[in-house]
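Before any comments, here is the structure.
Every number here is computed from the coordinates shown, using simple stated rules; none is lab data. As the structure is a prediction and not an experimental result, all values here were calculated from the model. Using ideal geometry, Cβ is built from the backbone for each residue, glycine included, and neighbour counts are taken over all protein chains shown.
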Amino acid sequence: MNPALVFEALSPARSILLASGTLTPLVSLHSELASSFPLQISPNHIIPKDRVWIGTLGSQPDRSRLECTSRACQEPATQDALGAAVLHVCRVTPSGVLCFLPSYGLMNTLVRRWRETNVWSKLEQLKHVFMESRNVRDHSDIMEDYYKYSASEKGALLFAVYRGKVSEGMDFKDHQARAVIAIGVPYPNTYDMAVKEKMKYNNRYTENRKLLPGNEWLRVQAYSWATITTHSTAWSMVRTTWRPLCRT
């Protein structure tokens, strides 16, 4: 609930350096750690803007709104629209494609639908397709195969889950992630007891400790693309499929 208690043990240190690609917004960091950081630097990304394209897909082929809410994602029309989007990206993108989803449940739901509608077989014609596994023992084998086949002429597609093993602590560079598809928003699970209690805690101490209100704290937890690391001459595409973001 209060990370400042842990950080307090470091108070005797003369200098503390925090470095990460996901520290912003810093206002939240200051209040959560109950510490001031007088020297701050937030440089531009190493990749030039003209080598990265980020876009949002907000409508289905029939021009109706595409929403990735929990309810909407249970509709066959939404599942078909998402399948068409993933299929199109794989058709025009060489090498590796990453597709992040809000949950394993949705991943399995989409796969079932796409097998029924022949989308899955079309994806397999375009790419070597892999899915993140809940089983830790299978993870290294899946990633080894994905890395290998993403460098092949056919390329590879990896479906993964926000805050899962792939999105936390793994790096993808160059051909390993020429395109990233982000379906929904990587919010923490609001049904998780720890998340519920943290939101309540922040609401209670918003004024006294200058903490972000629970809902705002939840929003700043939504990061997913920091796993893509590369160099200044690289290029990539990020396509998001949310409108109006992903509600649960």
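Brief remarks on what is shown
- Here the Karplus relation 6.51 cos²θ - 1.76 cosθ + 1.60, evaluated at θ = phi - 60°, turns the backbone of segment 115-122 into coupling constants of 5, 5, 9, 6, 5, 4, 5, 5 Hz, with x for every Gly and Pro.
- The peptide list 78-90, 27-39, 4-16, 123-135, put in order of mean Cβ contacts within 10 Å with the highest first, becomes 78-90, 123-135, 27-39, 4-16.
- The amide H of Ile54, built 1.01 Å from its N in the peptide plane, has Val238 as neighbours under 5 Å, considering only residues 5 or more places off or on other chains.
- Using alpha-carbon coordinates, inclination of helix 193-204 to the longest axis of the chain, degrees: 40
- Under-5 Å amide H pairs with Leu157, H placed in peptide plane, nonlocal only: Val97, His128, Val129, Phe130
- Cross-link table Lys49/Lys122; Lys122/Lys148; Lys127/Lys165, entries beyond 24 Å C-alpha to C-alpha: Lys49/Lys122
- Under 5 Å, built H, 5+ apart or other chain: amide partners of Ile181: Leu98, Cys99, Phe100, Arg239
- All-pairs Cα distance distribution in segment 1-135, expressed in whole percent, bin size 5 Å: 2, 7, 14, 14, 12, 10, 10, 11, 9, 7, 4, 1, 0
- Largest first, the three principal axis extents of the alpha carbons in segment 100-177 are 33, 29, 20 Å in whole numbers.
- Rg followed by Dmax, in Å, when segment 80-130 is reduced to its Cα trace: 10.4, 28
- Cα convex hull of the chain - mean projected area over all directions, nm²: 15.6
- In the elastic network of the chain, a GNM with C-alpha springs shorter than 10 Å, the most mobile of Val52, Val161, Val136 is Val136.
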